[in-house]
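The structure appears right after this line, and notes come after that.
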Amino acid sequence: MRLVILSNMAHYRRADGALVGHGATARELSALASLFTDVRHVACLHPEPAPADALPYTAPQLTLVPVPPAGGDDLAAKLGILAHTPGYLRAIARELRGADAVHVRAPANLSLYAILALTLAPRPRRRWIKYAGNWAPHPGEPASYRLQRALLAGTLHRAQVTINGAYPDQPAHVHSFV
């Protein structure tokens, strides 16, 4: 069974050639991968050196499908996301075609495209979106986070959604994940 993970998780190539990513997330995804025979993770591969907390995946069936990183705080960096949109959408569509299940990790630029793609894609039917940000709106948050929450509160994506914490009036498909 093939799982496709779509996220903005930063990956790096160490001097020894090993691919590494954020330590806690690499451990979490390695554990999740043990439930599948093939796992493809569409995520960003950064050219700079890996931070000290970066770890390799421990699951041999987990493969990175690299896409270029984009985004940032200034307007030019945000517009750079648009330049990568066609490549992001191609990678998402290509990987969803062969998937038995999909896991999207939000909020992030790539996850916004993934959520939108899931509204149009008939397959896979098994869908889980993890919203790891604050589910309650707060001042100063990026507009894309508000948009992702609004999309996830609806059902066009046809996915189960997990969130950190419990909030009043959560839709039936949005589950607290402690």
Seminar exercise, completed: Residue-normalised value, i.e. accessible area per residue, for the chain at 1.4 Å probe, in Å², stands at 51
For this session: Given the options Ala136, Ala117, Ala54, state which has the largest fluctuation in a GNM of the chain using a 10 Å cut-off (strictly under) for Cα springs.
Result: Ala136
Exercise. Which of these values of Cα Rg over 2.2 N^0.38 Å was calculated from the structure shown: [x] 2.70; [y] 1.08; [z] 1.01?
Worked result: [z]
Exercise. To the nearest 0.05, what FRET efficiency results for Leu120 and Thr85 with a Förster distance of 22 Å applied to their C-beta separation?
Worked result: 0.90
For this session: Quote to one decimal, in nm, the extra length available between Gln170 and Thr37 on full extension: 0.36 nm per residue of separation minus the C-alpha distance between them.
Result: 44.5 nm
Exercise. Does a label point 7 Å from the Cα of Glu48, set along Cα-to-beta-carbon, have any residues of region 101-145 with amide nitrogen under 11 Å, and which are they?
Worked result: none
For this session: Lys and Arg at +1, Asp and Glu at -1: add these up for the other residues within a Cβ distance under 9 Å of Gly98 and post the number.
Result: +1
For this session: Identify the chymotrypsin sites (Phe, Trp or Tyr not before Pro) of region 84-178 meeting these criteria: DSSP loop state and at most 16 other C-beta atoms within 10 Å of the C-beta.
Result: Phe177
Exercise. What trypsin sites (Lys or Arg not before Pro) in region 96-173 are in a loop by DSSP, with at most 15 other Cβ atoms within 10 Å of the Cβ?
Worked result: Arg125, Arg158
Exercise. Ignoring ligands, DNA and RNA, what percent of the 1.4 Å accessible area of the chain is carbon and sulfur?
Worked result: 62
Exercise. Do any trypsin sites (Lys or Arg not before Pro) in region 9-81 lie in a DSSP loop with no more than 12 other beta carbon atoms within 10 Å, and if so, which?
Worked result: Arg14
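The values are calculated or read from the model by the stated rules, or taken from the named source; none is laboratory data. Quantities reported herein were computed from a predicted structural model and do not represent experimental measurements. Positions of Cβ are backbone-derived with ideal geometry, glycine not excepted, and every protein chain shown enters the neighbour counts. Just the protein is used for accessible areas: all its heavy atoms, side chains included, with ligands, DNA and RNA removed. Shrake-Rupley method; radii C 1.70, N 1.55, O 1.52, S 1.80 Å.
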